[in-house]
Amino acid sequence: MNYKKALVTGGAGFIGSHLVETLYKNNIEVLVVDNLLTGKKQNLNSLDLENTIYGDVGSEDTLEHIMNFNPDVCFHLAAQSSVVISVEDPLLDFEHNLLQPVQLIKTLLDTDCNQFIFTSSGGTIFGEPDVIPTSEVDYAGEPASPYGLAKKKLNELIEAMLQNETMSYSILNLSNVYGPRQDPHGEAGVMSIFTGKLLNNETPTIYGDGEQTRDYVYVLDVVDALIKSSESDENLFLNIGTGVETSVNDLVSILSEKISWDGKAEYKPKREGELLRSVLNNQRAKDQIGWEPAHTLDTGLNGLIDWFKNKG
């Protein structure tokens with residue numbers, strides 16, 4: 001890694017904590033910012049971190065700390081990540097997913113930070129695409145939810161704000177990320193929700209007919225993509241996914257076999273703003289940063305199940 005100091009917003013969260021752990025092990029000085037709405041302090045318990053801020057990334061105190069820390073690179077992972085909440089309270093979604101990130105970028109432009117890396121949402125920004133797997137240019141109109149709309153608009157704002165600046169950017173459009181430390185009790189993260197329920201011999205809930213599809217990428221593969229993008233000086237706009245499409249019904253079937261669960265899922269009406277199909281073409285990431293996923297769905301699920309069994 002060609003830098004010494006990294007800011008990670010959302011650093012106590014599911015993806016963020018894995019990234020912080022990797023940076024820490026590589027002797028990078030890390031400042032973690034997390035408001036703990038979904039992040040957890042225990043995700044960082046194994047690390048002897050000197051710099052942590054538990055508050056909103058857009059608060060005056062946080063921005064002052066960031067100025068004083070003066071990072072070389074910023075990984076912006078903090079977000080309001082619930083599609084359902086974005087539909088119910090779009091103002092809250094825009095506050096966390098548009099306004100605060102813009103304040104962060106403005107602050108970073110007054111530091112020595114030379115790279116801004118943002119985890120966008122490949123599952124929502126493209127709308128309901130006609131092309132599967134979907135490439136970085138295959139937009140099908142506006143996204144179906146305020147969450148997706150805010151993510152797409154922030155992509156555009158990052159490009160506009162940094163086009164004439166010395167700070168470069170990487171925008172990584174993530175498919176559905178899963179793995180250890182993902183919250184099994186929230187609305188997002190169907191993989192962990194189903195795994196937790198099946199291990200507890202509970203009935204999983206499928207919204208809609210279960211034929212909606214997703215591209216599931218393992219969390220450590222996402223961390224690898226974040227690190228690889230941080231080692232590039234180019235402005236990047238990349239899909240980070242596997243290119244493999246899996247239906248919700250198939251996912252439950254695969255997990256049921258692995259866990260030896262012989263029940264039947266409960267079906268409820270589809271949720272507003274949910275896409276029918278989402279799978280990403282990752283060829284550009286292979287070409288530009290030499291990234292491709294190292295984990296298959298089979299090996300990734302084994303890692304997730306082992307984590308559930310070992311965490312208590």
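In contact with a Leu (Cβ under 6 Å, 6 or more places away or on another chain), in a loop (DSSP other than H, G, I, E, B) and buried (at least 16 other Cβ atoms within 10 Å of the Cβ): is that true of residue 12 in this structure?
yes
Report yes if some residue within the stretch 86-107 is among the small types (Gly, Ala, Ser), in contact with a Ser or Thr (Cβ under 7 Å, 6 or more places away or on another chain) and surrounded by 23 or more Cβ atoms within 10 Å (Cβ to Cβ); otherwise report no.
Yes.
What residue, among those in the stretch 18-36 that are touching a residue at least 12 places away in the same chain (Cβ under 8 Å) and more than 24 Å from residue 218 (Cβ to Cβ), is farthest from the chain's Cα centre (by Cα)?
Among those residues, the one meeting the criterion is 29.
For residues that are in contact with a strand residue (DSSP E or B) (Cβ under 8 Å, 6 or more places away or on another chain) and either assigned to a loop (DSSP other than H, G, I, E, B) or without any contact (Cβ under 8 Å) to a residue 40 or more places away in the chain (or both), tally how many sit in the stretch 174-207.
Result for the stretch 174-207: 5.
Would you confirm whether or not the stretch 216-228 contains a residue that is in contact (Cβ under 8 Å) with a residue 12 or more places away in the chain, out of contact with any helix residue (DSSP H, G or I) (no Cβ under 7 Å at 6 or more places or on another chain) and in a loop (DSSP other than H, G, I, E, B)?
Within the stretch 216-228, not a single residue is in contact (Cβ under 8 Å) with a residue 12 or more places away in the chain, out of contact with any helix residue (DSSP H, G or I) (no Cβ under 7 Å at 6 or more places or on another chain) and in a loop (DSSP other than H, G, I, E, B).
Restricting the search to the stretch 257-280, which residues are small (Gly, Ala, Ser) and surrounded by 15 or more Cβ atoms within 10 Å (Cβ to Cβ)?
Selection gives 265, 273, 278.
Tell me which residues, restricted to the stretch 229-275, are charged (D, E, K, R) and in a strand (DSSP E or B).
266, 268
Matching residues to (1) of a type outside the set (Ser, Thr, Tyr); (2) more than 19 Å from the chain's Cα centre (by Cα):
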residue: 64; (1), (2): yes, yes
residue: 101; (1), (2): yes, no
residue: 121; (1), (2): no, no
residue: 136; (1), (2): yes, no
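Rule-based calculations on the coordinates, nothing more; no lab input. Given the structure is predicted, the values throughout are model-derived calculations rather than measurements. When we count neighbours, we look across all protein chains shown, and the Cβ atoms used for this are built from the backbone with ideal geometry, even at glycine.
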